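Have a look at the structure below before the remarks.
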Amino acid sequence: MSASSKVFERIPHRPPFLFVDEIVSETADSLVARRTWREDEAFYKGHYPGTPITPGVLLCEAVFQTGALYLARSLSENGTQTGVPLLVKISNVRFRSPIYPGDTVTIEVTKKDLMAGFYVMTGTMKKGDTRVLTVDYSVAWKTPGATT
């Protein structure tokens, strides 16, 4: 499955570094997305050859990209979407279950707060009813090259 056009419209990420396939649902404070991890992805060749496991950092990146989708929609609604999302803080990451090639996950992000231009977010990833990871993080939306 390739990413939906709605994903491409909202964030600058592109294959091979795009880890969200589609937006499932949205509310004022959250967004739910889906991703199927494909067996032909290059990183599986080197991440435990013979027993491929999706790298945790890429699972986190899928959550962060889902957050970027949420923020892009929120910012475009109020007319302030210029720039790109920049990750500024990651905390409380917990990996609970591995993800293998062929697995489909659901990713949910929720905006917890907005403080001094920083969006405080929380994210979860599930495979079916099994929680795969949780992470708290903060994002700034910045114009590349800006000094502030």
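No lab work stands behind these numbers, since they all come straight from the coordinates. Since we're looking at a predicted model, the values are computed, not measured. Here Cβ is always computed from backbone atoms with ideal geometry, including for glycine, and neighbour counts include all displayed protein chains.
Brief remarks on what is shown
- Proximal lysines to residue 89, defined as alpha-carbon separation beneath 24 angstrom and excluding residues fewer than eight positions away on the same chain: 111, 112, 126, 142
- Cleavage-rule hits, GluC sites (Glu not before Pro), region 49-148, DSSP coil, Cβ neighbours within 10 Å at most 12: none
- Between helix 56-77 and the chain: long-axis angle, C-alpha atoms, 0 to 90°, nearest 10: 30 degrees
- Extension gain (nm, one decimal) between residue 51 and residue 77, 0.36 nm per residue minus Cα-Cα: 5.0 nm
- Computed [θ] at 222 nm, helices only, for the chain once each DSSP H run of length n ≥ 4 contributes -39500 (n - 2.57): -6000 deg cm²/dmol
- A straight line joining the Cα centroids of region 85-148 and region 1-57 runs 13 Å.
- Since only 74, 110, 91 are under comparison, the one whose Cα sits farthest along the positive direction of the charge dipole of region 54-110, derived from C-beta charges on Lys, Arg, Asp and Glu, is 91.
- Each of residue 29 and residue 58 was given a label point 7 Å from its Cα along the Cα-to-Cβ line. The distance between the two points is 3.3 nm.
- For region 82-148, the equivalent ellipsoid derived from the alpha-carbon gyration tensor has semi-axes of 28, 13, 10 Å in decreasing order.
- Once the C-beta distance of residue 9 and residue 87 is scaled by a Förster radius of 22 Å, the resulting FRET efficiency is 0.55 to the nearest 0.05.
- Residue 131/residue 22 FRET efficiency (R0 25 Å; Cβ-Cβ; nearest 0.05): 0.75
- Mean separation of Cα pairs under 8 Å and 6 or more residues apart, divided by the residue count, gives the chain a relative contact order of 25 percent.
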